[in-house]
Amino acid sequence: MDWAVIPRNLHFLLGGLVLTFELAAFSLAGGFLLGILMGLGRLSSRKWIYYSATLYVNFFRSLPLILVIFWFYFMVPFIIGRPLGDFFSAIVAFIAFEASYFAEIFRGGIQSIPQGQVMAAYSTGLGYFSTMRHIVLPQALRNMVPTIVTQCVIIFQDTSLAYVIGLKEFLRRTSLVDARELRSLELYLFAGLVYLIFCSIGTIASRRLEKRQVQIRR
């Protein structure tokens, strides 16, 4: 085994890791914001909003992410008449997909707040948006933190699927180095170790936050 292949290509591999983190960050931010809107839509009393949001969430949650990536990479350029590029296509696909999962996380977080608090807020004269902003959302977000951290870990893992459209993220660059160096065992063990380290950090953080939430409730 020739482990020297790692330091020889470390700069190139780290460039892919940076791109992986950028994709994960954009996907997290965009998916979270769109997920909030979809989550609120899922709780709306207006039928057209509720059914539109429900259709969106159920549609994307029923599809594999790799198919969504292919759609945005191949179909959207065909519709709009110009290519989006591999990085932008991946970001849009990830945001659209992850928003459906964040929407359910957000909906569950809001529904975890006792309805009595909402009624009490209304009785003091607060409107819907004021109640959400000052009463419901601060508590709901605290309840959602462990689940959101877990979803961040999942997003980081899922970024490797951008490999299929040629985006030179971490796993893709590992494959390119392997094609040149022919050191599959060393390179893919290294890639697995990197994913293991970062995902383990996220998992540990999620568990600690979950325990903290349980202690606070007690």
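The values are calculated or read from the model by the stated rules, or taken from the named source; none is laboratory data. Computed from a predicted model, the values in this text were never measured in an experiment. Quick reminder, even Gly has a Cβ in these numbers, built from the backbone with ideal geometry, and neighbours come from all protein chains shown.
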Expected output for the range 61-80 (first residue in a helix (DSSP H, G or I), partner charged (D, E, K, R) and buried (at least 16 other Cβ atoms within 10 Å of the Cβ), Cβ below 6 Å, 6+ apart or cross-chain) is Leu65/Asp158
Taking Gly31 as meeting all but one of (1) over 17 Å from Phe97 (Cα atoms); (2) touching a Ser or Thr at 6+ places or on another chain (Cβ under 9 Å), write down the number of the exception.
(1)
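Which of the residues that make up the range 24-59 are among the small types (Gly, Ala, Ser) and either outside any helix (DSSP H, G or I) or surrounded by 14 or more Cβ atoms within 10 Å (Cβ to Cβ) (or both)? Reasoning before the result, please.
Our first condition is that a residue be among the small types (Gly, Ala, Ser); within the range 24-59, this holds for 24-25, 27, 29-31, 35, 39, 41, 44-45, 52-53.
Residues satisfying the conditions are Ala24, Ala25, Ser27, Gly30, Gly31, Gly35, Gly39, Gly41, Ser44, Ser45, Ser52, Ala53.
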Output the number of residues of the range 39-64 satisfying the condition of being at pLDDT 90 or above and either touching a strand residue (DSSP E or B) at 6+ places or on another chain (Cβ under 6 Å) or basic (Lys, Arg) (or both).
3
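Matching residues to (1) among the polar types (S, T, N, Q); (2) over 18 Å from Gly108 (Cβ atoms); (3) at pLDDT 90 or above:
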{"position": "Ser130", "(1), (2), (3)": "yes, yes, no"}
{"position": "Arg133", "(1), (2), (3)": "no, yes, no"}
{"position": "Pro138", "(1), (2), (3)": "no, no, no"}
{"position": "Thr150", "(1), (2), (3)": "yes, no, no"}
{"position": "Asp158", "(1), (2), (3)": "no, yes, yes"}
{"position": "Leu161", "(1), (2), (3)": "no, yes, yes"}
{"position": "Gly166", "(1), (2), (3)": "no, yes, no"}
Expected single match for without any contact (Cβ under 8 Å) to a residue 60 or more places away in the chain and among the aliphatic types (A, V, I, L, M) among Val145, Val92, Val149, Val164 is Val92
Could you please tell me which pairs satisfy a Cβ distance under 6 Å, a separation of 6+ or placement on different chains, a first residue in the range 27-54 that is more than 16 Å from Ile110 (Cα to Cα), and a second residue that is among the acidic types (Asp, Glu)?
Ser27/Glu98; Gly31/Glu98
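Residues to consider are Phe12, Phe21; find the one that is within 24 Å of Val194 (Cα to Cα), touching a Lys or Arg at 6+ places or on another chain (Cβ under 7 Å) and part of a helix (DSSP H, G or I).
Working: Phe21 fails: touching a Lys or Arg at 6+ places or on another chain (Cβ under 7 Å).
Of the residues listed, the single one that is within 24 Å of Val194 (Cα to Cα), touching a Lys or Arg at 6+ places or on another chain (Cβ under 7 Å) and part of a helix (DSSP H, G or I) is Phe12.
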All but one of (1) within 20 Å of Ser160 (Cα to Cα); (2) under 15 Å from the mean Cα position of the chain (by Cα); (3) touching a residue at least 24 places away in the same chain (Cβ under 8 Å) hold for Gly16, so report the exception by its number.
(2)
Return the only residue of Leu84, Leu65 being within 26 Å of Pro146 (Cα to Cα), surrounded by fewer than 21 Cβ atoms within 10 Å (Cβ to Cβ) and of a type in the set (A, V, I, L, M).
Leu65
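Which fully enclosed helices (runs of 4 or more DSSP H) of the range 111-218 have 2 or more residues being out of contact with any strand residue (DSSP E or B) (no Cβ under 6 Å at 6 or more places or on another chain) and small (Gly, Ala, Ser)?
On the way: elements: 115-123, 128-131, 137-158, 170-181, 184-217.
So the answer is 115-123, 170-181, 184-217.
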